[in-house]
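The values are calculated or read from the model by the stated rules, or taken from the named source; none is laboratory data. These numbers were taken from a predicted model, which means no experiment stands behind them. Don't worry about glycine lacking a Cβ; one is built from the backbone with ideal geometry, like all the others, and counts go over all protein chains shown.
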Amino acid sequence: MTVSAAAARDRLAAMVERGGALAWGVADADAFDEAPEGFRPADLLPGARRVVVVGGSPPRAADWASPVHEHLETMGTSDRINSLGLKTAKFIEAEFGYYALFVPPGVRRGNRPFLSVALAAELAGCGSRSLAGPVLHPEYGLLFYSAVITTYPFPLTPPLAEPACPAPACVDMWEAEGETPCTRVCPLGDGGCLDGRIEDGRLVERRYDAARCTSRVYTHWIPGFQKGLELVLDQDDPEARKMVLYSSHFTKTLWSMTYAAQSQGQCWECMRVCPVGAEFRDKA
Amino acid sequence: MEITGYDFRENVAVHVMCDYIEREHGHRALQAPSLPTAGHNPPMSMMLAAVLAGLGTRSLAANIILHPRYGLLYYAALVTTLDLEPDHPLEEDVCPSKPCIQMYEKLGTTPCLASCPKGEGGCLDGALDEDGRISYSYYDRERCTSRSMNFGIGSIQKALVQITAEGDRERRQSMIYSDFFTQSLSSLSYYKESVAQCFECMRVCPVGMHERRLQ
Ligand code: SF4
Ligand code: SF4
Ligand code: SF4
Ligand code: SF4
């Protein structure tokens, strides 16, 4: 079936928006220079030309309002965007007869994702990287993303001309106080993970202690399981092993790995205070 | 291929169908359990159900049921008290396809058997009779599991055997945080259903080839 690239783009738009995407875009598969070799689109799909990115399913306003801190850490919503990614891949193959490969979530060697979906989202103009880490959509702020690599030459959507971070309010705060809402809530110099510098209203430096963020917040998921297993095997006493295995921490870890699955978000305290998308995190 | 499976989507479809039968027709409908409960055996064989319902026939490649048009498909089933008109098994074998019979006559093998031969560390063996029908087929499931299901429950079990047998604390720690174990856990968590086989035997299969060939 032959359709113009523009018509194909419109059909794709209708499909992903119906499927719940709040943002979507198309990146050039050759633009992933900053990704290491072996982790670029053509490494996953020979002949790759585009990467279609869909974004959405952020935590709902009620998730942000919950006083139970484990809630955000365990009740993730990113699986919904992954299922839309899968559907998008199927749609492209069935409708246009071109290869479309859903980028699996999860990691390959070196704990590295198969393709950086954050980079794909930036290149596709869905958002820009923030001081706090996540790619921020200019309107919605934090979104989850899923990517599909395809040989179909959809028209490209350019990266954002203006970055979403820092927000004007953060620039003002930086100028007055030398920090931003996210660096204040989780400061690198004070047991936290974030630091950075803003010059002329632009983010020019960012420091993020990923290892600390992982150990502070990914307490229930794969790292939690590995930590628990290590602890179990370090015990010589069978009773002590049993105690760790049946502990609430280990039990929660198993639940989160299987049922809650990919929903192991961060604590997102840095996002809770971010002005970008703040109105969507608040409801009556 | 080993980590991006789609099979659970068929299970979702079955749930929708079960709801439909119970709500609209007032008959019982249950999703046929498809995960293994003893060894590798599920309580009910989806493969047999697919063959009896006329969706495909058993192939030389790991007994996979090949659909005449699409080749490899995943199947899910529901069992119901609704008196639906039964379909019938296909009259013609999907496997071996014509090119495979020709190849067998010339070379004594087929594309799938040649891609994973039992005699050379692979999992498959088979023979065709003079009518071009399968007269013997062999599939080493244990070997296929260990060769190709590198991400998932099997690999977690494999890694745990090694980790728990390791007496040295530091070596044990490096095994626990290794790429292999992390990936295996990630597959349990992220991919879930998607811990498929390597499917090299399906990659070369002519059945459904045109459906897999895109631009
Ligand atoms: S997710 Fe939590 S621990 Fe990680 S950077 Fe944000 S506030 Fe800090
Ligand atoms: S609070 Fe949000 S917009 Fe402000 S600097 Fe941090 S990430 Fe950027
Ligand atoms: S899935 Fe891979 S290992 Fe298993 S029979 Fe097919 S080719 Fe052989
Ligand atoms: S390649 Fe396919 S059709 Fe041919 S013998 Fe093997 S499974 Fe059967």
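Annotations
- Inclusion of B:Ser155 among residues that are crowded, with 16+ Cβ neighbours inside 10 Å, more than 10 Å from chain A (Cβ to nearest Cβ) and in a helix (DSSP H, G or I) is warranted.
- Taking the stretch B:86-122 as the range and being within 16 Å of ligand 3 (Cβ to nearest atom), of a type in the set (A, V, I, L, M, F, W, C) and farther than 25 Å from B:Met46 by Cα as the test, the residues that pass are B:Cys100, B:Ala114.
- Residues satisfying the stated conditions in the stretch A:100-145, i.e. more than 14 Å from chain B (Cβ to nearest Cβ) and either within 16 Å of ligand 4 (Cβ to nearest atom) or of a type in the set (Gly, Ala, Ser) (or both): A:Ser116, A:Ala118, A:Ala120, A:Ala121, A:Ala124, A:Gly125, A:Gly127, A:Ser128, A:Ser130, A:Ala132, A:Gly133, A:Gly141
- Failed item, numbered, when A:Val51 is tested on (1) more than 14 Å from chain B (Cβ to nearest Cβ); (2) out of contact with any helix residue (DSSP H, G or I) (no Cβ under 8 Å at 6 or more places or on another chain): (2)
- No other residue among B:Glu142, B:Glu211, B:Glu170 is acidic (Asp, Glu), more than 16 Å from ligand 1 (Cβ to nearest atom), over 30 Å from B:Asp93 (Cα atoms) and part of a helix (DSSP H, G or I) apart from B:Glu170.
- Just one residue in the set A:Pro158, A:Pro163, A:Pro181 is crowded, with 17+ Cβ neighbours inside 10 Å and closer than 30 Å to A:Pro104 by Cβ; that residue is A:Pro163.
- In the set (1) of a type outside the set (D, E, K, R); (2) away from ligand 2 (no atom under 13 Å from the Cβ); (3) modelled with pLDDT of 90 or more, the condition left unmet by A:Ala211 is number (3).
- Take the conditions (1) under 16 Å from the mean Cα position of the chain (by Cα); (2) without any contact (Cβ under 8 Å) to a residue 12 or more places away in the chain; B:Met47 misses just one of them, which is (2).
- Residue among A:Pro166, A:Pro155, A:Pro159 that is more than 14 Å from chain B (Cβ to nearest Cβ), within 13 Å of ligand 2 (Cβ to nearest atom) and part of a loop (DSSP other than H, G, I, E, B): A:Pro166
- Considering residues of the stretch A:185-239 that are in contact (Cβ under 8 Å) with a residue 24 or more places away in the chain and assigned to a helix (DSSP H, G or I) only, the residue nearest to B:Gln183 (Cα to Cα): A:Ile222
- Meets criteria (closer than 15 Å to A:Arg50 by Cα, out of contact with any Gly (no Cβ under 9 Å at 6 or more places or on another chain) and in contact (Cβ under 8 Å) with a residue 12 or more places away in the chain) for A:Gly97: yes
- Within the stretch B:48-67, the set of residues being within 13 Å of ligand 4 (Cβ to nearest atom) and touching an Asp or Glu at 6+ places or on another chain (Cβ under 8 Å) comprises B:Thr57 only.
- Identity of the residue in the stretch A:128-143, aliphatic (A, V, I, L, M) and not in a strand (DSSP E or B), that ends up nearest to ligand 3 (Cβ to nearest atom): A:Leu143
- Put simply, of A:Ser66, A:Ser128, A:Ser116, A:Ser83 the only residue that is on the phi < 0 side of the Ramachandran plot, within 16 Å of ligand 1 (Cβ to nearest atom) and polar (S, T, N, Q) is A:Ser66.
- Condition check for B:Arg69: under 25 Å from B:Ser137 (Cβ atoms) and among the charged types (D, E, K, R): yes
- Of the listed requirements (1) under 30 Å from A:Asp282 (Cα atoms); (2) in contact (Cβ under 8 Å) with a residue 12 or more places away in the chain; (3) surrounded by 16 or more Cβ atoms within 10 Å (Cβ to Cβ), A:Ser83 misses just one: (2).
- For the stretch A:95-108, the criterion of a residue being of a type in the set (Asp, Glu), under 22 Å from A:Ala8 (Cα atoms) and over 12 Å from the mean Cα position of the chain (by Cα) is satisfied by at least one position.
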